[in-house]
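Supplied in structure tokens, the structure appears directly below.
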Amino acid sequence: MSSGNTSTAKIETAPATGAPLGAPSAHLFRTFARVDLAFERGEGAWLEGSDGRRYLDFGAGIAVNALGHAHPHLVAALQEQAAKVWHVSNLYRIPDGERLADRLTAASFADRVFFTNSGAEALEAAIKTARHYQFAEGRPERFRIITFEGAFHGRTLATIAAGGQEKYLEGFGPKVEGFDQVPYGDLAAAEKAIGPETAAILVEPIQGEGGIRPAPAGFLKGLRALCEKHGLLLVYDEVQCGMGRTGKLFGYEWSGVAPDVLATAKGIGGGFPLGACLATDAAAASMTPGTHGTTFGGNPLAMAVGNAVLDVVLAPGFLDEVVDTGLLLKQRLASVVDSHPRVFELVRGEGLMLGLKCKPPAGEVMAALRTEGLLTVAAGDNVVRLLPPLTVRGGEVAEAIERMEAAALHIEAALDAAARPESGS
Ligand code: PLP
């Protein structure tokens, strides 16, 4: 095919990156409290900082870089697709999207998939699917959804209402109607909240932002039973805990309790913006042309990368290694907790989705870890999250633990210094 792109030589590229970092631009929204650090390149679980240091990345872009940085299979897939076609609209067939949907449904409870660009959009699709199911079943009055305290479902108007956290709702006008929140793990409260307008129950099998809080034993089973009894749909938010993070493709598999609808994102694109709403045939039956849509969701670039991620995650033995490495990390973290009771309280989580509940503010612990070259992510309930790439190996776990020990010693020294009476007084 002859190329129409003959004028590229005349296009000048504006200078973009390069150390040292200057003062931060005054032209971005001030929505993020950013650390004064950038990264030029990465490999596996490692990132090179603009300060010239190498960082061990146990945050993975908040559980996004499932295969680490610059994974050769993903780089090749993206480059190959970039030279063919980046984007065509959903007005046409997208064969790689069909292939990815076939593979995701073959590996899960689902029969149908709607692709999105983010987690919040996957949740929006899930919420709309649940409401529309009830509408199409002749129960249009059922639109309310039961959600749980500590949940995080995204930052759109509907998903901040679903998450129910005042700090995210304040100042943005009336809360979107239709979300009723009850304590996480409380089956009796969930049942009590069910009324004639209830359409569904939405739950994270492991709360992420809420502080790596796994659902208590029997909770998902209990919710499933409530859904059966009252004609509701069970919707899982696996944006963070899905796509191999817990050692199963989806976190719900540990409980054996399948949902009707599931939203996922983050790891599914390995760093390319991609999300998906998965549903059973029955739940998705009324989502016909015109009911929902997206311009970018499921475009050829995203689908090429999504398939490449799945090639690796579904390869024989991959998820078993996630389980093994997760157990190793959890054991090592448990001994760090034992040795530093003034810094850490406990470790919890599943697979490579682990949280350390801290005694000093989690933000301070995270900063001390970063000083030691270990990147983590803070969460609710005063927890520091450890979400390394799923490809992390034992040597890197050992390295992370060494850095964590060093950070804990520094925090303890600072606590001692603060407790010491001032000299000369
Ligand atoms: N749901 C959960 C469980 C999440 O952890 C997140 C993001 O952290 C979201 C939804 C929202 O995803 P996104 O930020 O891609 O919109």
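Being in a loop (DSSP other than H, G, I, E, B) and either out of contact with any Phe, Trp or Tyr (no Cβ under 9 Å at 6 or more places or on another chain) or touching a residue at least 24 places away in the same chain (Cβ under 8 Å) (or both): is that true of Gly210 here?
Considered against the rule, which asks whether it is in a loop (DSSP other than H, G, I, E, B) and either out of contact with any Phe, Trp or Tyr (no Cβ under 9 Å at 6 or more places or on another chain) or touching a residue at least 24 places away in the same chain (Cβ under 8 Å) (or both), Gly210 comes out as yes.
Return a yes/no flag: does region 93-108 have any residue that is more than 16 Å from the ligand (Cβ to nearest atom), closer than 13 Å to Ala263 by Cβ and modelled with pLDDT of 95 or more.
yes
Report yes if some residue within region 263-279 is touching a residue at least 60 places away in the same chain (Cβ under 8 Å) and more than 20 Å from Asn65 (Cα to Cα); otherwise report no.
yes
While we're looking at this one, here's another question. Assuming Trp254 fulfils every condition listed in (1) in contact (Cβ under 8 Å) with a residue 60 or more places away in the chain; (2) under 30 Å from Cys358 (Cβ atoms); (3) within 13 Å of the ligand (Cβ to nearest atom) apart from one, which condition is it?
(3)
Might you let me know whether region 181-188 holds any residue that is in the same structural domain as Trp254 (by TED's automatic domain parsing), within 16 Å of the ligand (Cβ to nearest atom), within 23 Å of Tyr133 (Cβ to Cβ) and buried (at least 24 other Cβ atoms within 10 Å of the Cβ)?
no
From the list Leu354, Leu346, which residue is part of a strand (DSSP E or B), farther than 30 Å from Pro72 by Cβ and either out of contact with any His (no Cβ under 9 Å at 6 or more places or on another chain) or in the same structural domain as His153 (by TED's automatic domain parsing) (or both)?
Exactly one residue qualifies, and that residue is Leu346.
Taking the conditions exactly as written (in contact with a helix residue (DSSP H, G or I) (Cβ under 7 Å, 6 or more places away or on another chain), on the phi < 0 side of the Ramachandran plot and within 16 Å of the ligand (Cβ to nearest atom)), does Gly242 satisfy them or not?
Yes, satisfied.
Can you list residue pairs whose Cβ atoms sit under 9 Å apart, with the first residue in region 377-395 being part of a loop (DSSP other than H, G, I, E, B) and the second being surrounded by fewer than 20 Cβ atoms within 10 Å (Cβ to Cβ) and among the aromatic types (Phe, Trp, Tyr)? Count only pairs 6 or more apart in sequence or on different chains.
As it stands, the answer is Leu390/Phe318; Thr391/Phe318, since those pairs meet every condition given.
Just to be sure I understand the filter: pairs with C-beta atoms under 6 Å, separated by 6 or more residues or on different chains, first member in region 105-119 and farther than 14 Å from Glu253 by Cα and of a type in the set (Gly, Ala, Ser), second member within 15 Å of the ligand (Cβ to nearest atom) and not in a loop (DSSP other than H, G, I, E, B). Which pairs pass?
Ser118/Gly275; Gly119/Gly275
If we scan region 351-365, do we find a residue that is touching a Gly at 6+ places or on another chain (Cβ under 6 Å) and surrounded by fewer than 24 Cβ atoms within 10 Å (Cβ to Cβ)? Working first, answer last.
Within region 351-365, the subset touching a Gly at 6+ places or on another chain (Cβ under 6 Å) is 351-352, 355.
Now drop any that are not surrounded by fewer than 24 Cβ atoms within 10 Å (Cβ to Cβ), which leaves none.
No, region 351-365 contains no residue that is touching a Gly at 6+ places or on another chain (Cβ under 6 Å) and surrounded by fewer than 24 Cβ atoms within 10 Å (Cβ to Cβ).
When you look at Leu346, is it on the phi < 0 side of the Ramachandran plot, modelled with pLDDT of 95 or more and touching a helix residue (DSSP H, G or I) at 6+ places or on another chain (Cβ under 9 Å), yes or no?
yes
While we're looking at this one, here's another question. Which condition from (1) on the phi < 0 side of the Ramachandran plot; (2) of a type outside the set (Gly, Ala, Ser); (3) within 16 Å of the ligand (Cβ to nearest atom); (4) surrounded by fewer than 21 Cβ atoms within 10 Å (Cβ to Cβ) is the one that Ile62 breaks?
(1)
Out of (1) assigned to a helix (DSSP H, G or I); (2) touching a residue at least 40 places away in the same chain (Cβ under 8 Å), the odd one out for Asp324 is which?
Result: Asp324 fails condition (2) only.
Among the residues of region 143-157, is any surrounded by fewer than 23 Cβ atoms within 10 Å (Cβ to Cβ), within 16 Å of the ligand (Cβ to nearest atom) and not in a loop (DSSP other than H, G, I, E, B)?
Yes, that holds for at least one residue.
When region 257-287 is examined, which residues are found to be away from the ligand (no atom under 11 Å from the Cβ) and in contact with a strand residue (DSSP E or B) (Cβ under 6 Å, 6 or more places away or on another chain)?
Pro259, Asp260, Val261, Leu262, Ala276, Cys277, Leu278, Ala279, Ala283, Ala284
Taking Leu374 as the residue in question, decide whether it is touching a residue at least 24 places away in the same chain (Cβ under 8 Å), buried (at least 18 other Cβ atoms within 10 Å of the Cβ) and hydrophobic (A, V, I, L, M, F, W, C).
Working: touching a residue at least 24 places away in the same chain (Cβ under 8 Å): yes; buried (at least 18 other Cβ atoms within 10 Å of the Cβ): yes; hydrophobic (A, V, I, L, M, F, W, C): yes.
Against the criterion (touching a residue at least 24 places away in the same chain (Cβ under 8 Å), buried (at least 18 other Cβ atoms within 10 Å of the Cβ) and hydrophobic (A, V, I, L, M, F, W, C)), Leu374 qualifies.
The values are calculated or read from the model by the stated rules, or taken from the named source; none is laboratory data. The structure displayed is predicted, hence computed values, not measured ones. Reconstructed Cβ throughout: ideal geometry from the backbone, glycine too, with neighbour counts over all protein chains shown.
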